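To start, the structure under review is shown below, and the notes come after it.
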Amino acid sequence: MTTDEKWSKAYERAIQVVSKMTVAEKVNLTTGTGWNSDLCVGNTGAIPRFGIPSLCLQDGPLGVRFADLITAFPAAITAGTSFNKNLIAFRARAMAYEFKGKGAHVILGPAVGPLGRNALGGRTWEGFGSDPYLQGIASRITTREIQEAGLIATVKHYIGNEQEHYRQVGEYYGPNNRISKSLSSNIDDRTLHEVYLWPFADCVNEGIGSVMCSYNQINHTYACENSYLMNKVLKEELGFQGFIMSDWWAMKTGAESFQAGLDMAMPGDRLYFSSPDTMGGNKITQAVATGKFPDYRLNDIALRVVAAYYYVGLDKNEVGGPNFSSWTKHTDGFLHPIGEAGWTQVNKHIDVMNNELSRGAALQTATEGVVLLKNDFNILPLDKGTSTKPRRINIFGIGAAPDARGPNCRADMACSNGALGEGWGSGAVDFSSFVTPFESISEHARHLGINVDYDFTTFDFNGLNAKAPFGDVNIIFAVTNAGEGYAHFDGNYGDRKNASLWHNADEVIAKAAELNKNNIVVVSSVGPANLERWIDHPNIKAVLFASPGGQEAGNAIGNVLFGIANPSGKLPYTIARDDKDYIPVVSQKPEDGLPQAFFSEGIYVDYKYFDKNNIKPRYEFGYGLSYSNFSVSNLRVTQSKPPSEYLPAPPKLKPVYSLPCNKTNDVSEYLFPKDFKRVNRYIYPWVENANDLGTVVTTCESANDAIKELPLAAGGLGGNPALWETSFQLTATASNTGPYDGAYAFQLYIEFPNTTSFDVPVRQLRGFEKPFLKHGASTDINFKVNRRDISVWDTVSQSWVVPRGKYKFWIARSSRDLVLSTEIVI
Ligand code: BGC
């Protein structure tokens, strides 16, 4: 149904190939070969006849998981904290280069869900921040870069996967916490569209090849068998052209899920851990052969996968397939570990990190992921280029130090006894190297002739008592950590238990504040943290808040402390004064074992929730200081094309393709080929023997449920094309009036008319621009506002409408520090 030229071409090519495929060949695209079956975390079956290789699907959103000689990039939340579009692109480009070098075809990222409803959510750091607009811009840029590099991007997790607790039956969330069904995220239609679906629409609009459906249920139907969300919302309304893969073992039924719109079962085997049985593979072959599963759906699946393959250019064969194994660090191993088959060199140890992009992208993203929260008396930077620099520095807190167990302290990083580089779970990678803040500070200090002493112990204050009074400055480090629900650390089952700093850091900080008047706190955190114990203490002069910086985390912090870099990060979420101020989540198992999360706050997530409920945050969304001063002036509307209230009719559909019916009653086509040498426990598309197959039906059903008329909201990639047209352009002049060169992220917030029947947030982020300015310099910054940016989802007409009335556009330093405004009446 696409009207997009590039996808149309990809489909034309896919039709040529898929129309010649056998049922088994098509089924080979629907189901992974099983966990541990091939070298990547997910692998599709190959179609050698058409030169389509087994696709290697590999985590994750910050680098190549389970591989050596790669870069551990800063997490996506760190890229979000930068509020820097060019840098987000740079990071994605560098990452894509490394995946390609390691031979992966499909990257299991970007992640935009969790979006951040749960302030303590275990995986929120895998995405870009707790605002749909920020997530949308960052994920579409990331998608563009990955796919321009010739790989398929996967936006995940679709949808409402906002907490780790209760996402999966069988996972351990602490004692007495077993559930009988996954959490149901109960989300209303408007909230779905304006918050959780929003960034997915951006990625679809960008042409993303793949979407991953999530573990949870939405409104009591599992995501990966939710026909409404997959068929209706994603494929019809948003016009998604690629394929939907399941999260790992998130498919609960076979053919039914495929009917509901799922295209690929991952990793393919049935049970939680590797089993030779599947609900896809041979079961689908059998269902198609016996007429129980419509072949047009199978054709549609195969076309979607093959079209995505052509769309990004994987057929150019630039990606040679995986040259690493996810399952062993040994050089030699099994190609198919599950069947202990194909002993060979599986790890080629290809160094993909030494390139022009990686180190620069990693360091710059980590640096711009540091937020300056407080800087009394301009205590920072430590080196101002004058003689007033400190001569004695003490470093306290475990968050500065290397973990005694090394940077790769435990599988998938489920550990946290040292400096923070990334959270844990499938979104983590092994460190090839890791620089701690301690290392970086020591290096700077040596260079400048500064004494450095330290004490990393956090429960015994002897060292601190002895040293803290004598530092010209004490720098105290604190961390929080979180990760994916299958692993836990210190009683944090994926999600954090609370927003407190770990390892007794509050006490360490408070103690240092008692003993010395010059203290700087550095918090490295996966998300919002509670700073209340000491934040107002006059002896805590400065506070840096660093998002997970990957392998360069320490260098980024060191460079900011010493003024090599001017901090320019902005909080991508709100830091509250009290943990109770955040949106409540389900962390107790209900009696019936069927947990439900009612998203009753609706569209009011993060700062919108604080604004609506008049809760004073400690630091609001978008907040962050600089060593310099930035101002903005002369706001003007430079282009104005006010949109109509209702969307124009969507473009006409192209005729629906129909592939020839090539089902055969030659049963041998559905059975294992004679003398085929099988890998034990590997998932194949063939049925064991003719008796299992049943009666073959050779007629084909026609796709009579194909979309005939489009809803108003639909019609192009990401929805009705009019949604993406620029309505207004605003221009303002940004100036650096302070003493340092630096970058500053100005934000655009919009207040919708409050005179209509739509309840609207106080204000919503709808733009951000981050110029780099030498001190004394000025430049114009431009914000483009499209129709969707000023629309609300109308549940009655099931479409976007632009409410009539007065809109107020604010250029701001944060969601609460508003500088300049202009009004537009539509
Ligand atoms: C995660 C996904 C990941 C997949 C493959 C799942 O546990 O939820 O994000 O891509 O595993 O490792």
For Trp686, solvent-accessible area (1.4 Å; no DNA, RNA or ligand), Å²: 50
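Given a Förster distance of 35 Å, report the FRET efficiency between Glu591 and Lys616 from their Cβ-Cβ distance, rounded to the nearest 0.05.
Values: r = 36 Å, r/R0 = 1.03.
Step by step, r from the Cβ atoms, then E = 0.45.
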Counted charge near Pro322, where neighbours are those whose Cβ lies closer than 10 Å (Asp, Glu -1; Lys, Arg +1): +1
Loop GluC sites (Glu not before Pro), region 614-689, which have at most 14 other Cβ atoms in a 10 Å radius of their Cβ (DSSP): Glu645, Glu688
With all protein chains modelled, accessible area of Asp794 [1.4 Å, Å²]: 30
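Can you show me the helix-derived [θ] at 222 nm for the chain, built from DSSP H runs with n ≥ 4 at -39,500 (n - 2.57) apiece and divided by the number of residues, rounded to the nearest 500. Spell out each step's value before the answer.
Working: 16 runs with 162 residues, N = 826.
Dividing the helical sum by the residues of the chain leaves -6000 deg cm²/dmol.
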Nearest 10 degrees, 0 to 90: helix 505-515 Cα axis against the chain principal axis: 10
Inter-probe distance in nm under a simple model that places probes 7 Å from Cα toward Cβ, at Lys806 and Ala341: 7.2
FRET E, pair His537, His775, Förster distance 25 Å, beta-carbon r, rounded to 0.05: 0.20
Carbon + sulfur, % of accessible area of the chain - ligands and nucleic acids excluded, 1.4 Å: 49
Loop-resident sites, region 232-326, for chymotrypsin sites (Phe, Trp or Tyr not before Pro), counting at most 12 other Cβ within 10 Å (DSSP): Phe273
Sequence of Trp724, Trp424 when ordered by accessible area, the most exposed leading, probe 1.4 angstrom: Trp724, Trp424
Heavy-atom accessible area order for Lys541, Lys589, Lys329, largest first, 1.4 Å probe: Lys329, Lys589, Lys541
Surface accessible to a 1.4 Å probe, Leu693 within the full protein complex, Å²: 0
Ordering of 600-607, 40-47, 340-347 by packing [mean C-beta count within 10 Å, highest first]: 40-47, 600-607, 340-347
Gain on full stretching of the segment that runs from Asp460 to Arg391 - 0.36 nm per residue minus C-alpha separation: 22.3 nm
FRET efficiency, 1/(1 + (r/R0)^6) with R0 41 Å, evaluated for Asp189 and Lys641 via beta carbons: 0.90
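Report the relative contact order of region 392-508, percent, no decimals, based on alpha-carbon pairs under 8 angstrom and at least 6 residues apart.
It comes to 37 percent, rounded to a whole number.
Where in region 1-90 are there GluC sites (Glu not before Pro) that are in a DSSP coil and have at most 13 other Cβ atoms within 10 angstrom of their Cβ?
Sparse-neighbourhood loop GluC sites (Glu not before Pro): none present.
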Degrees, to the nearest 10: 5-18 long Cα axis against longest axis of the chain: 40
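The values are calculated or read from the model by the stated rules, or taken from the named source; none is laboratory data. Given the structure is predicted, the values throughout are model-derived calculations rather than measurements. As a convention, Cβ positions derive from the backbone with ideal geometry for all residues, glycine included, and neighbour counts pool all protein chains shown. Please note that ligands, DNA and RNA were not included when accessible areas were found on the heavy atoms of the full protein model with its side chains. Shrake-Rupley method; radii C 1.70, N 1.55, O 1.52, S 1.80 Å.
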